[in-house]
1. Let a ≥ b ≥ c be the square roots of the eigenvalues of the Cα gyration tensor of the stretch 99-168; is it rounded (a/c under 1.5), or, if not, prolate (a/b larger than b/c) or oblate?
2. For every other residue with a beta carbon closer than 9 angstrom to the beta carbon of residue 134, add +1 if it is Lys or Arg and -1 if Asp or Glu, then tell me the sum.
3. Once you charge only the Cβ atoms, +1 for Lys and Arg and -1 for Asp and Glu, what is the size of the charge dipole of the chain about its Cα centre, to the nearest 20 debye?
4. Tally Lys/Arg at +1 and Asp/Glu at -1 over every other residue whose Cβ is under 9 Å from the Cβ of residue 33; what's the total?
5. By its C-alpha gyration tensor, with a ≥ b ≥ c as the square roots of the eigenvalues, how is the stretch 1-52 shaped: rounded for a/c under 1.5, else prolate for a/b larger than b/c, else oblate?
6. Tell me the Kirkwood radius of the stretch 32-98: reciprocal of the mean inverse pair distance over distinct alpha-carbon atoms, in Å.
7. Counting pairs of alpha carbon atoms under 8 Å apart in space and at least six apart in sequence, what relative contact order in percent does the chain give?
8. Please give the length that would be gained between residue 137 and residue 171 if that part of the chain were fully extended, namely 0.36 nm times their separation in residues minus their C-alpha to C-alpha distance (nm, one decimal).
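The values are calculated or read from the model by the stated rules, or taken from the named source; none is laboratory data. Remember, it's a predicted structure, so these values are computed and weren't measured experimentally. Note that we place each Cβ from the backbone using ideal geometry, even for glycine, and neighbour counts take in every protein chain shown. Just so you know, the surface numbers come from the protein's heavy atoms only, side chains and all, with ligands and any DNA or RNA stripped out. Shrake-Rupley method; radii C 1.70, N 1.55, O 1.52, S 1.80 Å.
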Amino acid sequence: MKAMILAAGRGERLRPLTDRVPKPLIDVGGQPLIGHHLRALAAAGLHDVVINVAYRGGQIQRALGDGRRYGLRIVYSVEQPGALDTGGGIANALPLLGPAPFLVISSDIFSDIDYGALAAARAGAEAHLVLVDNPGHHRRGDFGLSGDRLIDAAPRLTYAGVGVFARHWFAARGEPRFPLSAVLRSAIDADRATGEHHRGRWIDVGRPSALAAARQGLSAA
């Protein structure tokens with residue numbers, strides 16, 4: 001299974017830090033935030049990685065190169081800043097992702113999610129999301145679970161920024177710019193979306209306090 005890391009955003013809530021460093025390259029425990037994902041993918045045996053870049057994309061490409069030092073093969077889907085949103089960014093990268101379902105990871109999370117186990121269990125998934133307990137900044141959550149079926153009902157959990165998707169959800173859309181949430185709603189409406197509840201470590205590193213928590217968690221480990 002190929003993996004796609006979403007790394008095109010500007011990181012507004014982490015300004016002024018992200019005025020000079022793109023969020024995926026912010027240091028967490030002596031390596032860039034995105035590096036934790038790359039090492040986890042390599043350890044899981046998932047060696048083909050697509051990264052979409054826009055804001056300060058050249059910095060990310062120079063820092064990571066072709067992925068060889070991580071034991072990976074990295075290719076880049078280059079976008080214009082602000083042009084495509086998350087769903088559009090994935091759709092734009094479909095020629096690089098191939099025909100099979102693929103793993104999508106938001107670069108701005110920090111977690112111990114087992115990418116290898118997820119890929120092995122969900123190789124034929126239509127749309128499968130990893131969900132977590134609702135963080136303080138998102139108490140209402142996103143989706144509910146009925147068994148492993150994803151539903152739009154309470155009690156809700158929060159989308160962890162990690163999922164496995166079939167390409168047709170993105171290829172079928174005509175517009176170039178759309179959010180990932182539009183795809184998720186379509187999959188739920190078609191009763192073809194599943195999910196699982198991850199109860200381990202997970203931090204949305206999108207705010208200064210969360211970045212500090214991620215750094216503190218590593219220093220205490």
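1. oblate
2. +1
3. Using only the charged Cβ atoms, the result is roughly 500 debye.
4. Once all neighbours under 9 Å are counted, the net charge is -1.
5. In terms of gyration-tensor shape, oblate.
6. Every distinct Cα pair counted, the radius reaches 12.4 Å.
7. 25 percent
8. Result: 9.0 nm gained on full extension.
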